[in-house]
Structure formats: structure tokens, C-alpha cells
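Single-structure report; data block below.
The values are calculated or read from the model by the stated rules, or taken from the named source; none is laboratory data. What you are looking at is a predicted structure, and each value in this text was computed from that prediction instead of being measured. Cβ placement follows ideal geometry from the backbone for every residue including glycine, while neighbour counts extend to all protein chains displayed.
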Amino acid sequence: MVKSSTGLDENIAGLLCYVLGWVSGIVFLILERESKFVKFHAVQSIIIFGVLSVLNSLLGWIPVLGLIVGIISGILAFVLWILLMVKASQGERYKIKWAGDYAERWAG
């Protein structure tokens with residue numbers, strides 16, 4: 001396995017980018033200096049889980065709509081969280097269309 005500048009295998013560091021959502025994405029984006037694989041997963045994590053967090057914050061206060069959006073985004077976040085951690089642990093640069101394209105450009 002290829003090591004990242006964090007000392008972890010790239011696939012493990014990529015998985016950890018998703019563990020705490022956008023928070024762990026920011027941590028790994030700051031810590032990682034070399035691995036484009038880890039940077040890709042860090043940026044994708046920040047975008048996906050950041051957008052879902054902002055969506056919940058903005059719409060969560062609306063009585064019925066907030067509840068519906070919260071349930072749907074919660075299920076979506078959970079499914080994406082599991083999927084992206086599994087794919088990263090397998091060493092795959094799995095792209096979610098809108099976030100993955102930007103993350104790919106940003107990571108190089």
C-alpha cells in the first residue's frame with residue numbers, strides 16, 4: 001500500500017476523511033501534503049457533508065418541510081457515508097457527480 005504524508009496507508013486516510021463528515025475532511029485536507037487520493041476524498045467529504053449540513057440548518061426550522069428534508073437528507077447522508085468509506089477503503093476514487101468533479105479538479 002502507498003503511504004500518505006500522514007503516515008497512514010492512502011486507503012485508510014481516505015476512509016477517515018469521511019468518518020466525521022466535513023469535519024474530518026477539513027482535518028485531512030489540512031494534514032495531507034502529498035497524496036492526491038487523500039485530498040480528493042477530503043474535499044469530496046467537505047462538499048457533500050457540508051452541503052447536507054447547511055441544507056438541514058437552513059430548512060430545519062420550517063415545521064413540515066424541515067422534517068421531510070431532515071429525514072431525506074439523513075438517509076442520504078447515511079447511505080453516502082457508508083458507500084464512500086467502503087469505496088475509499090478499497091482504494092477507489094469514487095466520485096459523486098457534482099462534488100467529485102470539483103474535488104478531482106481541486107486535488108489535481
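Here is a list of conditions, (1) assigned to a helix (DSSP H, G or I); (2) more than 18 Å from Lys95 (Cα to Cα); (3) of a type in the set (Lys, Arg), and Arg33 meets all of them except one; can you say which number that is?
(1)
State all residues of the range 50-62 that are in a helix (DSSP H, G or I) and surrounded by 13 or more Cβ atoms within 10 Å (Cβ to Cβ); if no residue qualifies, say none.
Across the range 50-62, the qualifying residues are Gly50, Val51, Leu52, Ser53, Leu55, Asn56, Leu59.
Of all residues in the range 2-36, which are touching a residue at least 60 places away in the same chain (Cβ under 8 Å), surrounded by fewer than 23 Cβ atoms within 10 Å (Cβ to Cβ) and of a type outside the set (Asp, Glu)?
Asn11, Ile12, Leu15, Val19, Gly21, Lys36
Report yes if Ala107 is hydrophobic (A, V, I, L, M, F, W, C), touching a Lys or Arg at 6+ places or on another chain (Cβ under 8 Å), within 20 Å of Ser4 (Cβ to Cβ) and surrounded by 13 or more Cβ atoms within 10 Å (Cβ to Cβ), otherwise no.
So Ala107 passes the test.
Is there a residue being touching a residue at least 24 places away in the same chain (Cβ under 8 Å), surrounded by 14 or more Cβ atoms within 10 Å (Cβ to Cβ) and either of a type in the set (Phe, Trp, Tyr) or in contact with a helix residue (DSSP H, G or I) (Cβ under 7 Å, 6 or more places away or on another chain) (or both) anywhere in the range 68-77?
There is at least one residue in the range 68-77 that is touching a residue at least 24 places away in the same chain (Cβ under 8 Å), surrounded by 14 or more Cβ atoms within 10 Å (Cβ to Cβ) and either of a type in the set (Phe, Trp, Tyr) or in contact with a helix residue (DSSP H, G or I) (Cβ under 7 Å, 6 or more places away or on another chain) (or both).
Matching residues to (1) more than 11 Å from the chain's Cα centre (by Cα); (2) in a loop (DSSP other than H, G, I, E, B); (3) within 21 Å of Gly108 (Cα to Cα):
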{"position": "Ala13", "(1), (2), (3)": "yes, no, yes"}
{"position": "Phe28", "(1), (2), (3)": "no, no, yes"}
{"position": "Ile48", "(1), (2), (3)": "no, no, yes"}
{"position": "Val64", "(1), (2), (3)": "yes, no, no"}
{"position": "Ile68", "(1), (2), (3)": "yes, no, no"}
{"position": "Ile75", "(1), (2), (3)": "yes, no, no"}
{"position": "Phe78", "(1), (2), (3)": "yes, no, no"}
{"position": "Trp81", "(1), (2), (3)": "no, no, no"}
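Checking His41 against (1) part of a helix (DSSP H, G or I); (2) farther than 23 Å from Tyr94 by Cα, only one condition comes out false. Which one?
Of (1) part of a helix (DSSP H, G or I); (2) farther than 23 Å from Tyr94 by Cα, only one is false for His41: (2).
Could you tell me whether any residue of the range 53-60 is hydrophobic (A, V, I, L, M, F, W, C) and in contact with a Gly (Cβ under 6 Å, 6 or more places away or on another chain)?
Checked against the condition, which is being hydrophobic (A, V, I, L, M, F, W, C) and in contact with a Gly (Cβ under 6 Å, 6 or more places away or on another chain), the range 53-60 yields at least one hit.
Here is a check on your reading of the model: is Gly100 modelled with pLDDT under 95 and in contact with a helix residue (DSSP H, G or I) (Cβ under 9 Å, 6 or more places away or on another chain)?
For Gly100, the condition - modelled with pLDDT under 95 and in contact with a helix residue (DSSP H, G or I) (Cβ under 9 Å, 6 or more places away or on another chain) - is met.
Which ones in the range 30-46 are within 8 Å of the chain's Cα centre (by Cα) and among the polar types (S, T, N, Q)?
If the condition is that a residue be within 8 Å of the chain's Cα centre (by Cα) and among the polar types (S, T, N, Q), then Gln44, Ser45 are the ones that fit.
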